[in-house]
Amino acid sequence: MGIVHGDICPWNLLINPETDDLQIFNFNLSAKLGWEGDVQNNGAFGYDVDRNDVKFVVFTLYEIITRDLHFREEYHPNELDSSVVLEMDAWEQHAEVRLDSPVSDYRRVLKEWVNTRKKVDKGITHYTQAPDAIDWPPLPEFPLVPFVGSMMRKPAQMRQDMIRRGVEFLRWQRPGSCELPLPRPQRLLATGEIFYDDVGGKDAVDVVEVGGDFIGNGED
């Protein structure tokens, strides 16, 4: 299709538990292969060769199996080299990871896929060369907004600046967990799940941060 996701990683994958199908989401860094970007909007959606999907798939599989995230935590995309992972003597499977085949099988299939993609990528260097190429219209012109003492066209604005200027915007954030009417010992996780936290039982202390100080309902 000629589209590069640009941010393949474990937290941008969805797995259907019934069919085992894999889906990729979060295309905010996606680009058309080999495209210089929307010239009217500072190169938006331009292709970044350092965000190569094949390279990121290699790191993603390694991270899923080992739970070792230090490469992407310590290095920028342009500093990542997939050969470092591919040529490791061994990938240490994390104790909590359950696989249906040995790690060596995953590495073999990955290596074969990488070699196949190298051949394909030599023949397709621009999104227009893809068999089912996808194109999209240019972005609308970005609005003029104050930025460091001048006016610039930018795709995003700081919410506090918009409030100060009286500009309307969509308020979409969910309320804080502490504002939800959840009976103890229930807690709302970032995933939207309800977690039953019985640590401490009836003697547990509710703690709230107020002005940088933590105030609890327990006794000293």
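The values are calculated or read from the model by the stated rules, or taken from the named source; none is laboratory data. Just so it is clear, the structure is predicted and the values come from calculations on it, not from any experiment. In this analysis, Cβ positions are derived from the backbone assuming ideal geometry, glycine residues included, and neighbour counts consider all displayed protein chains.
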Among the residues of region 1-24, the number that are in contact with a Phe, Trp or Tyr (Cβ under 9 Å, 6 or more places away or on another chain), assigned to a loop (DSSP other than H, G, I, E, B) and surrounded by fewer than 14 Cβ atoms within 10 Å (Cβ to Cβ) is 1
Requiring at least 3 residues that are of a type outside the set (A, V, I, L, M, F, W, C) and either without any contact (Cβ under 8 Å) to a residue 24 or more places away in the chain or more than 30 Å from Pro155 (Cα to Cα) (or both), the helices (runs of 4 or more DSSP H) wholly within region 38-118 are 53-66, 70-74
Taking region 135-162 and the residues there that are exposed (fewer than 11 other Cβ atoms within 10 Å of the Cβ) and among the hydrophobic types (A, V, I, L, M, F, W, C), the one that is modelled with the highest pLDDT would be Met151
Discussion item. Whether any residue in region 25-44 is surrounded by fewer than 14 Cβ atoms within 10 Å (Cβ to Cβ), small (Gly, Ala, Ser) and under 30 Å from His126 (Cβ atoms) is what I want to check.
Written reply: no
Based on what the data block shows, is Arg67 of a type in the set (Lys, Arg) and over 21 Å from Thr125 (Cα atoms)? yes
Screening Glu92, Glu63, Glu18, Glu79 for residues that are of a type in the set (Asp, Glu), out of contact with any Ser or Thr (no Cβ under 8 Å at 6 or more places or on another chain) and over 23 Å from Lys118 (Cα atoms) leaves only Glu18
Tyr106 meets each of (1) modelled with pLDDT of 95 or more; (2) in contact with a strand residue (DSSP E or B) (Cβ under 6 Å, 6 or more places away or on another chain) with one exception, condition (2)
